[in-house]
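**Q** What follows is a single structure, and I will ask about it in a moment.
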Amino acid sequence: MRNRSRYLSLLLALAIPLALSLPGAAALADGLKNLQVLPKSTSKDEVKQIMKAQAKALDVECDFCHDVPDMASDKNPKKLTARQMMRMTAEINQHWLKGMKDAEKNKVTCVTCHRGKEIPDAR
């Protein structure tokens with residue numbers, strides 16, 4: 001029994017660092033749930049920074065898209081729309097602006113269209 005306990009301790013000592021090095025481990029270690037657009041390796045601090053930039057771009061608070069305190073919930077349809085917009089901006093940046101001069105500097109973001117408004121102006 002003593003050898004079995006020692007074996008399990010050794011197995012855990014090796015498995016935990018390995019698991020934390022796998023893709024998505026940063027999000028799991030930070031307790032993030034339901035990341036569907038952002039890479040699973042995104043840290044909690046990175047997610048907060050991205051969300052703050054999006055909130056500022058639309059001049060809204062977290063509860064505009066999220067059901068507080070359950071931030072992982074998908075009940076709010078605005079969260080689903082936000083995911084679609086995130087995919088759209090990523091596609092524009094990756095496929096349409098790729099190779100453009102200063103593409104990294106001139107990336108499309110939420111503020112490109114929203115300009116501090118919940119609903120962008122119609123053009």
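We did not get these values from a lab; they are worked out from the coordinates using the rules stated. Remember, predicted model here, so these are calculated numbers, not experimental data. Using ideal geometry, Cβ is built from the backbone for each residue, glycine included, and neighbour counts are taken over all protein chains shown.
**Q** How far, in nm, would the chain grow between Lys105 and Thr89 when pulled straight, counting 0.36 nm per residue and subtracting the alpha carbon separation?
**A** On the way: separation 16, 0.36 × 16 = 5.76 nm, distance 1.42 nm.
Answer, rounded to one decimal: 4.3 nm.
**Q** Run a plain Debye calculation on segment 45-123 (Cα atoms as equal point scatterers, no solvent) and give log10 I(q)/I(0) at q = 0.12, 0.18, 0.24, 0.26 Å⁻¹, rounded to two decimals, same order as the q list.
**A** For segment 45-123, the Cα-only Debye profile gives -0.38, -0.81, -1.24, -1.34.
**Q** Let me ask something else. Got a sec to turn the phi values of segment 63-76 into Karplus ³J(HN,Hα) couplings, 6.51 cos²θ - 1.76 cosθ + 1.60 with θ = phi - 60°, whole Hz, x for Gly and Pro?
**A** 6, 5, 10, 9, 8, 7, x, 8, 4, 7, 4, 10, 5, 7
**Q** Quick one: Karplus J couplings for segment 46-58, per residue in order, coefficients 6.51, -1.76, 1.60, θ = phi - 60°, nearest Hz, x for Gly and Pro?
**A** 5, 4, 4, 5, 5, 5, 5, 5, 5, 4, 5, 4, 9
**Q** In nm, to one decimal, how far is the modelled label at Lys75 from the one at Ser43, with both set 7 Å along Cα→Cβ?
**A** 3.2 nm
**Q** By a straight-distance test (C-alpha under 21 Å), which lysines pair with Lys48 as possible cross-link partners, with residues fewer than eight away in the same chain excluded?
**A** Within the straight-line limit of under 21 Å, Lys48 reaches these lysines: Lys33, Lys40, Lys56, Lys75, Lys78, Lys79, Lys107, Lys117.
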